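Visitor: I'd like to ask you about the structure that follows.
Please treat every number below as a calculation from the coordinates, not as lab data. As the structure is a computational prediction, the values presented were derived from the model and not from experiment. Don't worry about glycine lacking a Cβ; one is built from the backbone with ideal geometry, like all the others, and counts go over all protein chains shown.
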Amino acid sequence: MLAFWRHGYEATSLADLTAAMDVTPPSIYAAFRSKKSLFLEAVRLYVGEPASSTRIIADAATARDAVRGLLEASVIGFTGADTPPGCLLASAAISCSAQAGDVQAELASMRIGIEAQLRERLARGVCDGDLHAATEVDSVAAHVMAVIQGLSTLARDGATRAKLDGVVREVMRGIS
């Protein structure tokens, strides 16, 4: 997972993977069938750790808490001491060749799924009265996802956790 996170899907070589896993190339193919299958397994591990977005959204007491929880988990994940900076979903397959279009589509589907879950939670927040009745839930959900992508880029560019926390505070001021 860390090799793909650090180098991206296409730039991670079989040699990188065998070194990271301390196995031979035939072992990788026997266990995962292909580099793509191994990558998607790594992504599933990443999406489930350390705090699943689905759980963050579902467990949030309010819609604002769901937004804050996603943003704060992103900041922590993107600035971990033992992980590459940024987001695996945001950076691993953004600039792939046409041959990796299916991988890009799968990652996009995951991001779209997170956005849909957030949009549903925001809509419930409007109904529950913890968000203003005029809140455009589609726009807010898209905005939060765009901010998460931006936080990833800032982290890859070397931004500190404190700087990213400041971005989160500013975003939260605008959600009512």
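Visitor: With r defined as the distance between the Cβ atoms of Ser97 and Arg161 and R0 fixed at 35 Å, what FRET efficiency is calculated, to the nearest 0.05? Working shown, then result.
Guide: Details: r = 33 Å, r/R0 = 0.96.
Given R0 = 35 Å and the Cβ-Cβ separation, E is 0.55.
Visitor: May I pose another question? Mind giving me the FRET efficiency for Ala116 and Ala15? R0 is 35 Å, r the Cβ-Cβ distance, nearest 0.05 is fine.
Guide: In this case the efficiency is close to 0.40.
Visitor: As an exercise, use a Förster radius of 25 Å and the Cβ-Cβ distance of Asp59 and Ser37 to find the FRET efficiency, rounded to the nearest 0.05.
Guide: 0.20
Visitor: What residue among Gln99, Gln149, Gln117 has the largest mean-square fluctuation in a Gaussian network model of the chain, using Cα springs under 10 Å?
Guide: Comparing Gln99, Gln149, Gln117 in a Gaussian network model of the chain, the most mobile one is Gln99.
Visitor: Using per-residue counts of other Cβ atoms within 10 Å, averaged over each peptide, order 25-31, 122-128 from highest down.
Guide: Working: 25-31: 12.3, 122-128: 17.0.
In decreasing order of mean packing, 25-31, 122-128 become 122-128, 25-31.
Visitor: How much length is gained on full extension from Ala30 to Cys127, taking 0.36 nm per residue of separation minus their Cα-Cα distance?
Guide: 29.9 nm
Visitor: Could I ask something else about it? Assign one of three labels to the stretch 50-173, namely rounded, prolate or oblate, based on the Cα gyration tensor with a ≥ b ≥ c the square roots of its eigenvalues; rounded applies when a/c is under 1.5, prolate when it is not and a/b is larger than b/c, and oblate otherwise. Don't skip to the end; give the middle numbers.
Guide: Working: a/c = 2.09, a/b = 1.35, b/c = 1.54.
Here the stretch 50-173 falls in the oblate category.
Visitor: For the stretch 6-64, what are the per-bin percents of Cα-Cα distances with bins 10 Å wide, up to the bin holding the maximum?
Guide: Per 10 Å bin, starting at zero, the Cα-Cα P(r) for the stretch 6-64 comes out as 20, 41, 20, 15, 6 percent.
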